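Colleague: Quick one: this structure, given as structure tokens, is what I'll be asking you about.
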Amino acid sequence: MAHYDHDGGQPKFAAIDAASSGDNTLVAAVPGKKIRVLSLWLVSAGTVTTRFESGAGGTALSGQATLAVNNIYVLPYNPGGWFETAVGSLLNLELSGAVSVDGSLSYVLVD
């Protein structure tokens, strides 16, 4: 079982402000740690397909989800996490087009 980082597994928070077709870094890589997403929400300014990945252009962590204008995508709080990156990999949001996707997420760093 993975262990939370030295700060007791306190959740961290990140704003989501993505608009580039392709790779959009949500959380930078942390050496020796995985990024485990506990909750998130997204809203899209137009129709776009999204997918979360471990690393830029990396391994898919979720299936593709198509959002329409003002469509809200929510992953409610899950103490076990929805998905996590590989050790030392950034959390990426891949977009199928240059559409503004905004929101926020909570996560913990795990060994």
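The values are calculated or read from the model by the stated rules, or taken from the named source; none is laboratory data. In this text, all values refer to a predicted model and were calculated from it rather than measured experimentally. Quick reminder, even Gly has a Cβ in these numbers, built from the backbone with ideal geometry, and neighbours come from all protein chains shown. Each accessible area value is taken on the protein alone, full model and side chains, heavy atoms only, with ligands, DNA and RNA left out. Shrake-Rupley method; radii C 1.70, N 1.55, O 1.52, S 1.80 Å.
Colleague: Taking the solvent-accessible surface of protein heavy atoms with a 1.4 Å probe, what is the per residue accessible area of region 44-111 in Å²? Write down the numbers at each step before the final one.
Modeller: On the way: 2970 Å² over 68 residues.
Ligands and nucleic acids excluded, the result is 44 Å² per residue.
Colleague: A further question follows. Return the sequence-ordered ³J(HN,Hα) values of region 25-37 in whole Hz as given by the Karplus equation 6.51 cos²θ - 1.76 cosθ + 1.60 applied to θ = phi - 60°, using x for Gly and Pro.
Modeller: Result, rounded to whole Hz: 6, 9, 9, 5, 4, 10, x, x, 10, 9, 9, 9, 7.
Colleague: Label-point separation (nm) for Val74 and Ser106, each offset 7 Å from Cα along Cα-to-Cβ?
Modeller: In this crude spin-label approximation the distance works out to 1.4 nm.
Colleague: If you roll a 1.4 Å probe over the chain with all protein chains in place, what percent of the accessible area is carbon or sulfur? Walk me through the intermediate numbers first.
Modeller: Values: 3000 of 5430 Å².
Roughly 55 percent of what the probe reaches on the chain is carbon or sulfur.
Colleague: Through the Karplus equation 6.51 cos²θ - 1.76 cosθ + 1.60, θ set to phi - 60°, convert the phi angles of region 98-108 into ³J(HN,Hα) values in whole Hz; use x for Gly and Pro.
Modeller: For region 98-108, the Karplus-derived couplings read 7, 10, 5, 10, 10, x, 7, 8, 10, 8, 10 Hz, x marking Gly and Pro.
Colleague: Sort all Cα-Cα distances of the chain into consecutive 5 angstrom bins from zero, then give the percent of pairs in each bin up to the one containing the longest distance.
Modeller: That works out to 3, 13, 24, 26, 18, 10, 4, 2, 0, in percent per bin.
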